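K.L.:
What follows is a single structure, and I will ask about it in a moment.
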Amino acid sequence: QVQLVESGGGLVQAGGSLRLSCAASGRTFGSYAMGWFRQAPGKEREFTAAISRSGATIFYADSVKGRFTISRDNAKNTVYLQMNSLKPEDTAVYYCASTPRAGVVASRYDSWGQGTQVTVSS
């Protein structure tokens with residue numbers, strides 16, 4: 001089992017930036033892929049970004065492509081989500097999750113963090 005702890009959320013004005021971090025423990029970090037999902041009030045959880053075990057393969061949701069960057073540091077057991085040019089519609093709770101293979105389907109992720117709130121004001 002993998003334990004995941006997100007940090008870095010907060011309140012930011014539209015156009016601003018935030019960097020989320022997700023620290024992992026419990027298993028060898030480089031043995032699993034990682035993803036970020038988000039859930040806005042009254043909406044379903046949606047895929048945001050994913051990165052393979054080595055970092056060689058990356059996926060983004062169309063809504064964040066060109067603005068968000070996912071990366072990982074296997075030496076630090078941490079995955080990051082750099083969020084630039086933030087919009088009010090990016091407001092959500094952001095979750096990191098682990099999976100055997102990077103993808104966009106939430107049900108294929110087996111461990112989840114508790115989430116971190118990101119609020120973008122207009």
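Quick grid of which residues meet (1) modelled with pLDDT of 95 or more; (2) touching a Cys at 6+ places or on another chain (Cβ under 7 Å); (3) assigned to a strand (DSSP E or B):
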position: CYS22; (1), (2), (3): yes, yes, yes
position: LYS43; (1), (2), (3): yes, no, no
position: ALA50; (1), (2), (3): yes, no, yes
position: ARG72; (1), (2), (3): yes, no, yes
position: LEU81; (1), (2), (3): yes, no, yes
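K.L.:
I need every pair where a residue in the stretch 48-73 that is loosely packed, with under 14 Cβ neighbours inside 10 Å has its Cβ under 6 Å from the Cβ of a residue that is aliphatic (A, V, I, L, M) and assigned to a loop (DSSP other than H, G, I, E, B), sequence separation at least 6 or different chains.
P.N.:
THR57/ALA102
K.L.:
Among (1) open to solvent by 20 Å² or more (accessible area, probe 1.4 Å); (2) touching a strand residue (DSSP E or B) at 6+ places or on another chain (Cβ under 8 Å); (3) acidic (Asp, Glu), where does GLU6 come up short?
P.N.:
(1)
K.L.:
Show the residue pairs meeting these rules: Cβ distance below 6 Å; 6+ apart or different chains; first residue within the stretch 11-28 and in contact (Cβ under 8 Å) with a residue 12 or more places away in the chain and of a type in the set (S, T, N, Q); second residue surrounded by fewer than 16 Cβ atoms within 10 Å (Cβ to Cβ) and assigned to a loop (DSSP other than H, G, I, E, B).
P.N.:
Matching pairs, first to second residue: SER17/ASN84.
K.L.:
Further question: Looking only at the stretch 76-97, which residues are open to solvent by less than 20 Å² (accessible area, probe 1.4 Å), of a type in the set (Gly, Ala, Ser) and over 10 Å from the mean Cα position of the chain (by Cα)?
P.N.:
ALA92
K.L.:
Here's another thing I want to ask about it. Filter the stretch 25-39 for residues that are assigned to a strand (DSSP E or B) and farther than 18 Å from SER71 by Cβ; which is nearest to the chain's Cα centre (by Cα)?
P.N.:
Ranking the qualifying residues of the stretch 25-39, first place goes to GLN39.
K.L.:
Quick one: in the stretch 98-122, of everything that is in a loop (DSSP other than H, G, I, E, B) and open to solvent by 40 Å² or more (accessible area, probe 1.4 Å), which residue is nearest to SER31 (Cα to Cα)? Step through it out loud before you land on a result.
P.N.:
Filtering the stretch 98-122 down to residues in a loop (DSSP other than H, G, I, E, B) leaves 100-105, 109-110, 113-115, 122.
When the remaining residues are screened for being open to solvent by 40 Å² or more (accessible area, probe 1.4 Å), the result is 100-101, 104-105, 110, 114, 122.
On the way: PRO100: 8, ARG101: 9, VAL104: 18, VAL105: 19, ASP110: 13, GLN114: 21, SER122: 40 Å.
Ranking the candidates gives PRO100 first.
K.L.:
I'm trying to understand the selection: among the residues of the stretch 22-60, which are farther than 17 Å from ARG101 by Cα and either in contact with a Leu (Cβ under 6 Å, 6 or more places away or on another chain) or not acidic (Asp, Glu) (or both)?
P.N.:
The answer is CYS22, ALA23, SER25, GLY26, ARG38, GLN39, ALA40, PRO41, GLY42, LYS43, ARG45.
K.L.:
From (1) assigned to a loop (DSSP other than H, G, I, E, B); (2) farther than 16 Å from SER17 by Cβ; (3) at pLDDT 95 or above, pick out the condition that doesn't hold for GLY66.
P.N.:
(2)
The values are calculated or read from the model by the stated rules, or taken from the named source; none is laboratory data. Keep in mind that this is a model prediction, so the values were computed, not measured. Please note: Cβ atoms are built from the backbone with ideal geometry, for glycine as well, and neighbour counts cover all protein chains shown. Areas reflect the complete protein model, heavy atoms only, side chains present, ligands, DNA and RNA absent. Shrake-Rupley method; radii C 1.70, N 1.55, O 1.52, S 1.80 Å.
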